[in-house]
Amino acid sequence: LFKSDDSVPKEPNSLILINSGEKPIKGVRHLLKALQLLQGEAEAKLTVVGNTSADGQHLKLVREYGLEDTVTFTGRISTEELVKRYSMAEISVVPSLYEGFGLPAAEAMACSLPVIATTAGALPEVVGQDGDAGILVPPADPDALAAAIKHLLRDKHLRRKLGEAGRKRVETHLTWEQAAKKTLEVYQECCECSPSTMSS
């Protein structure tokens, strides 16, 4: 279970995104568009962790939107460095158009980092309802992303509140122990409903 390193100072207005390649389903283009919309309104800085092609679409969009001084790509990093990056950031953003689980959201929450995520796929199950441990926005909506980022960057109290709630949610619902318990419950329900069990 990840845990924030409190000895690492926060970088003001910093966002973090965990991205695996150039897959459109991750919604990165919509986040980059949101950052373009925020230029002149919020001093947001985005760190993108993960593989990015030197001639890929994301870098092209960064140049097209004039975000060269706003977005940093780290490439692949170690788990230790990832925890440090989470600790440095003020907000984690998960702009996916679909997620089967949403591991980056859970990792960020484990590090007491507030999350801005879309309502796509299983993300609401990880983050909870809007306002529980993060802010939920519709997928593929740069305006909603921009508004959420602006709002959260300006509210330090809310960031702390969501971050603490996220850590608690992970400890309560998203540990391996909890996953094993839920799996066992499903097996037990299946056994109770099986024909052999019913006939006996």
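The values are calculated or read from the model by the stated rules, or taken from the named source; none is laboratory data. Here the structure is a predicted model, which means the values were calculated and not measured. Heads up, the Cβs are rebuilt from the backbone with ideal geometry, glycines too, and the neighbour counts pull from every protein chain shown.
Give, as residue ranges, the strands (runs of 3 or more DSSP E) completely inside the range 64-132 that count at least 1 residues that are modelled with pLDDT under 95 and surrounded by 22 or more Cβ atoms within 10 Å (Cβ to Cβ).
none
Every residue, every condition in (1) within 23 Å of LEU158 (Cα to Cα); (2) in contact (Cβ under 8 Å) with a residue 40 or more places away in the chain; (3) touching a Cys at 6+ places or on another chain (Cβ under 7 Å); (4) aliphatic (A, V, I, L, M), yes or no:
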| residue | (1), (2), (3), (4) |
| --- | --- |
| LEU61 | no, no, no, yes |
| GLY66 | no, no, no, no |
| VAL93 | yes, yes, no, yes |
| ALA105 | yes, no, no, yes |
| THR118 | yes, yes, no, no |
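Rundown of residues vs (1) buried (at least 19 other Cβ atoms within 10 Å of the Cβ); (2) modelled with pLDDT of 95 or more; (3) basic (Lys, Arg), yes/no style:
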| site | (1), (2), (3) |
| --- | --- |
| ALA147 | no, yes, no |
| LYS150 | no, yes, yes |
| ARG160 | no, yes, yes |
| GLY163 | yes, yes, no |
| VAL170 | yes, yes, no |
| GLN178 | no, no, no |
| LYS182 | no, no, yes |
| GLU192 | no, no, no |
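Regarding LEU32, is this residue crowded, with 21+ Cβ neighbours inside 10 Å and free of Cβ contacts under 8 Å to residues at least 40 places away in the same chain?
Yes: the conditions hold for LEU32.
I'd like to check something: does the range 53-60 contain any residue that is surrounded by fewer than 14 Cβ atoms within 10 Å (Cβ to Cβ) and not in a loop (DSSP other than H, G, I, E, B)?
yes
Anything in the range 47-58 that is at pLDDT 95 or above and over 13 Å from SER20 (Cα atoms)? List them, or say none.
THR47
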